[in-house]
Each structure stands twice: as C-alpha cells, then as structure tokens.
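Below you'll find the structure, written out as structure tokens, and then a few comments.
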C-alpha cells in the first residue's frame, strides 16, 4: 500500500502516512527508478473496517470504530492514492471524538515527483490542511519539498529519500529477494516535517485471518512490522508502529496500528480491481 494510517493528534498524519503509504500504507534499498519488472502493482479500491484491538490500562480509551476507504490508481506516468479515513474514539472520562482524514497524492513512476493534499477534521470541523509538492533531482539525488499549506515552507530532501509508492515497491522487491530487514528515509507530506526513517521487518508466517475470496489476494504475501520514526535524528522511539500482511501486488490486509496507548485494527471488507490505463 502506498500510504496508510494517520495519528490523530498526530494520528491523521500517521494513519495517512503509513496505509499511504498503509498507502499507508508501505514500503527499500531501491533507487528511485520506478517499479522493477519483478513487481507488478495491481490498481485497486479497498474498504477496511476499523475497530479497537486493545488499550492499555489507564489510557482512557474505551472503544474505536470507523472505516477507511483506500484507492491506489494508475495513470500512464504516475500512481495516484486516495484515502478517506474516519474514526470515532470513545473515552472513559470525556465525550466521543470523531476524527477524519481525506488524502490525495500523485507520484510519478520514476519516483522523482510527488504531490500531496490532506485535510484532517475533528468533530466535523477542519483541524488541519497540508498541501504541497516535492521533487528529486535524479535517482539517488537530493531535492526539495515545497508546502503551500498550512503555510509556505521549503525543505531540503537528502539523497537517500524515497516517496511512498516507490517505498512500497521497494519493500516488495526486497521481500521477494529474501531480505528480512529494510530501512529507508521516506517523505510523504503527512506532516510539515522532513523525511523520517521507516524500518520494516519481515515476520515469520504466523496464523492468518480469514480473507475475502478475491483474485487480488491469491499471490505471495508477507507479514511485516513497520516502525515510523520522526525526522528528528535524536528520536529513539517511533511515532507509531504497523503490523500487516503485504501482498506482492501492493494490497494490504491484517493491519494493526499501534499508537502505544491503544491499537486500532483494520479488517478488509471489500476490494475490487481498478482499470489500468491504455498507454
């Protein structure tokens, strides 16, 4: 998945950053030269149900319900991601909070250009909007990110930075090659910060959830654990962590998003293939 899961308060950025990328998200050790012949992404639309998997004693979180609609589309020269995320959080000592995130992104297939736009709401009111674009000067070269919202800001991107879709493709490519640990710096525009490290560990098989009967869920897959770290190089703890099953065609299932105090689970309810472009 090219991008996925936000972390409200930081949740909107996280969940979007992660399915974004689950798209989030997802996700290295590959030059930004576009998908290799070994990886064939399947454009698709997926609907996930969100529920509270667990909460730590004292967290105050009693329940969580919601939905995430995720669409990974393909154009002749680019990948597009659309994601609508809605989560209702019930607390022990306060009113329920309704959180929402609507994200759209565009990423060139050569991995060098990226556009992003995300709106986050809290109880139906606009909480934050982030919009901008980024580009790299070439494969394995640095570049820049320009934000137009919430305010004008420019960041310098390092030479080892990837954008979300190429990161996801890189994860699949390295998993196919038998690697079990992958780390790269990823810029997704989910916050006004610079790129941050994402570490991914390929886990042993383990039990599988019951899945839908779909041709999109017939290929090779891996259980992966991803940790999303802030851009601060002194940070020793991730903002959040994601465990999921990632298929070789880019589809994600069995997702659990760990915000430390509580864990949100995403169950795939519907999935359909999207038409490929005639180029």
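No lab work stands behind these numbers, since they all come straight from the coordinates. Since the model is a prediction, treat every value here as computed from it, not as a measurement. Here the Cβ is made from the backbone with ideal geometry for all residues, glycine too, and neighbour counts use every protein chain on show.
With the simple spin-label model, which puts each label point 7 Å out from Cα in the Cβ direction, the residue 237 to residue 51 separation comes to 2.9 nm. Where in segment 171-185 does the amide nitrogen come within less than 16 Å of the point 7 Å from the Cα of residue 203, taken along Cα to Cβ? Only 180-182 fall inside the zone, counting backbone N under 16 Å. Using a simple spin-label model with pseudo-atoms 7 Å out from Cα toward Cβ, residue 218 and residue 69 lie 2.8 nm apart.
An ellipsoid equivalent to segment 105-206, defined through the eigenvalues of its Cα gyration tensor, has semi-axes of 27, 19, 11 Å when rounded to whole angstrom and sorted largest first.
Debye-formula intensities of segment 207-270, expressed as log10 I(q)/I(0) at q = 0.18, 0.24, 0.27 Å⁻¹, are -0.72, -1.02, -1.17 (one equal scatterer per alpha-carbon, no solvent). Distance between the modelled labels on residue 156 and residue 38, one decimal in nanometres: 3.4 nm (7 Å Cα→Cβ projection). Relative contact order, whole percent, for segment 40-149 stands at 16, derived from Cα pairs under 8 Å and 6 or more residues apart.
With a 10 Å Cβ neighbour count serving as the proxy for reagent exposure, in which order, fewest first, do 237, 184 appear? Please report the intermediate quantities before stating the final value.
On the way: 237 10, 184 21.
Ascending Cβ contact count within 10 Å gives the list 237, 184.
When you work out D = kT/(6 pi eta Rh) for segment 32-148 at 4 °C and 1.567 mPa s, using the Kirkwood radius from C-alpha pairs as Rh and the Stokes-Einstein form, the result is 77 µm²/s. More than 23 angstrom separation, counting every C-alpha pair in the chain; what % is that? Of all Cα-Cα pairs in the chain, 48 percent lie more than 23 Å apart.
So how do 262-275, 54-67, 111-124 stack up, highest first, on mean other-Cβ count within 10 Å? Provide the component values of the computation, followed by the final result.
Working: 262-275: 17.4, 54-67: 14.4, 111-124: 19.2.
Ranked by mean Cβ neighbours within 10 Å, highest first: 111-124, 262-275, 54-67.
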